[in-house]
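Read-outs throughout are calculated quantities, based only on the coordinates presented, and are distinct from any laboratory measurement. Computed from a predicted structure; not experimentally measured. Neighbour counts run over all protein chains shown; Cβ positions are idealised from the backbone, glycine included.
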Amino acid sequence: MSRRPYVRPMSKTTWYMRNGRYKVYMMREMTCLLVGFYSFLTIFGLAALAGGSAQSWNSFLASQQNPTMVIFHAFSLIYFLIYQTFAWFELAPKAMPLQFGEKRVADFYIVAAHYIAWAILSAFIFWLAGVF
Amino acid sequence: MNQRILELEVMRYDPEKDTRPWFQSYTVPCESDWAILDAINYIKENLDTTLSYRWSCHMMVCGSCGMMINGEPSLTCKTFIRDLPDKVRVEPLENFPIERDLVVVLDDVMQKLQVVQPYIIRKDPPPADQEYTQSRAALHKFKQYTMCINCLVCYAACPQYGLDNSFIGPAALSLAHRYNLDSRDQGKSQRLDILADHDGVWDCSFVGACSEVCPKDVDPAAAIQQMKIEGAKEFWKQKLSGGKS
């Protein structure tokens, strides 16, 4: 009897196509591309502002208002909502469980607390931005 | 009881004959309340005595009958045919080398379970009355992590382990967490060197598949994320105290 274990290869490039669970994970991780894009956009906007002239800033604002960019921003918002906000809030109770005495606090309350904090922070940012 | 005919496509591999695994099809008359393990036992007893696989208790305790059922890692004693289509593909657990047929090589994880020092480590001497007391609240902090039966279904679900098996992996890490959370244990900082190392908790990118497939609701992904937070806290504590902590 000789041992000759067989190792099944795992593709380094297409492994996440194996099941729906991995695909959702990759969709969540892909939000990093959008984060990267918005980092550059912020730097670009700051550069336009630092340019000193009203014209450079106004042209930056105008560039963000053309229909392609508006659609892109709307897409990003929805993508972030699904794969960043919802996905991470769902996972939050795993990273920060709470226990009082012998009882563990139900996941629902931890997730709900996140949504409440999110709503308050969003309202604060809207207030800062002068929306209301 | 009603019978149902199931077609089982079972992965076969004989290290002395085969260069690669292949699938053999069996037609199995199943009772409606059978688990897949019953169907595999039927094959072994009635159709093909050469089929190799592991099982023992048939009641989700021994953790030896984990396999891929239609691509999903699970205990075959817990996967019932009433929840499956007429054609079922049975493979050995993913991410492990195949020893023979449905039997995988477990040496790597067995060694990893030891690496995390899964036992109570004391720095202070034991209490004078030689008995460690623990409140129920303290027990409940880690109880869920004691439920692991080492079936390694979580390793089969983990793409990080599949891509690079130097990762300590879900079951061994949650076992470490179980002892870190134990009020009687004082070995947390000793374990941290292993857990916060390159192949420890930071190799986990929180796919979360381990927790979804776990037959005992151990939730290894939770254990790993909690250890990441602990590790980061410890890192900053040491930085801020000038490395003396």
Correct response: the longest run of chain A lacking exposed trypsin sites (Lys or Arg not before Pro), defined by DSSP loop and at most 16 other Cβ within 10 Å, is A:19-132
The distance between the Cα centres of the range A:92-117 and the range B:180-204, in whole Å, is 23
At 25 °C in a medium of viscosity 0.890 mPa s, the range B:107-241 has a Stokes-Einstein diffusion coefficient, with Rh taken as the Kirkwood radius over alpha carbon pairs, in µm² per second, of 159
For B:Lys78, the aspartates and glutamates lying under 16 Å Cα to Cα, once residues fewer than eight places off in the same chain are dropped, come out as B:Glu31, B:Asp33, B:Asp38, B:Glu91, B:Glu212, B:Asp217
Long-range alpha-carbon pairs in chain B, meaning those over 24 Å apart, account in percent for 53
Heads up, the protein assembly as shown by the C-alpha gyration tensor (a ≥ b ≥ c square roots of eigenvalues; a/c under 1.5 rounded, else a/b over b/c prolate, else oblate) looks oblate
Amide H contacts under 5 Å for B:Leu6, restricted to residues at least 5 apart in sequence or on another chain and with H modeled in the peptide plane, are B:Val28, B:Cys30
The range B:76-110 scanned against label point 7 Å out from A:Lys12 along Cα→C-beta; backbone N under 17 Å for none
The Rg/Rh figure for the range B:1-60, Cα atoms and Kirkwood Rh, to two decimals is 1.01
Cys in chain B lacking any partner Cβ under 4.7 Å -> B:Cys30, B:Cys65, B:Cys77, B:Cys148, B:Cys151, B:Cys158, B:Cys204, B:Cys214
Expected integer from the mean partner chain Cβ neighbour count at 10 Å over B:95-101 is 4
Among B:Lys143/B:Lys233; A:Lys12/B:Lys188; A:Lys12/B:Lys239; A:Lys103/B:Lys112; A:Lys103/B:Lys123, the pairs whose Cα-Cα distance exceeds 26 Å are A:Lys12/B:Lys188; A:Lys12/B:Lys239; A:Lys103/B:Lys112; A:Lys103/B:Lys123
Per the C-alpha gyration tensor (a ≥ b ≥ c, the square roots of its eigenvalues), the range B:117-185 is rounded if a/c is under 1.5, else prolate if a/b beats b/c, else oblate; here it's prolate
Of all C-alpha pairs within the range B:41-91, those more than 13 angstrom apart amount in percent to 62
The answer for the longest stretch of chain B without any exposed trypsin sites (Lys or Arg not before Pro) (DSSP loop, at most 10 further Cβ atoms within 10 Å) is B:124-243
If R0 = 51 Å, then A:Cys32 and B:Ile120, at their Cβ-Cβ distance, give a FRET efficiency to the nearest 0.05 of 0.80
Nearest 10, in degrees from 0 to 90: the angle of helix B:170-180 to the longest Cα principal axis of chain B is 30
One computes Rg over Rh for the range B:151-200 from alpha-carbon atoms, with the Kirkwood Rh, and obtains 1.03
Expected integer from the mean partner chain Cβ neighbour count at 10 Å over A:5-16 is 5
In whole angstrom, largest first, the equivalent ellipsoid semi-axes that the Cα gyration tensor gives for the range A:15-96 are 34, 14, 11
note: the range B:92-145, Cα-Cα separations exceeding 19 Å make up a percent value of 59
Residue ranges of DSSP H helices in chain A that stretch 24 Å or more (Cα, own long axis) and have mean Kyte-Doolittle hydropathy of at least 1.0 are A:31-50, A:107-128
Per principal axis, largest first, the Cα atoms of the range B:3-104 extend in Å by 36, 28, 23
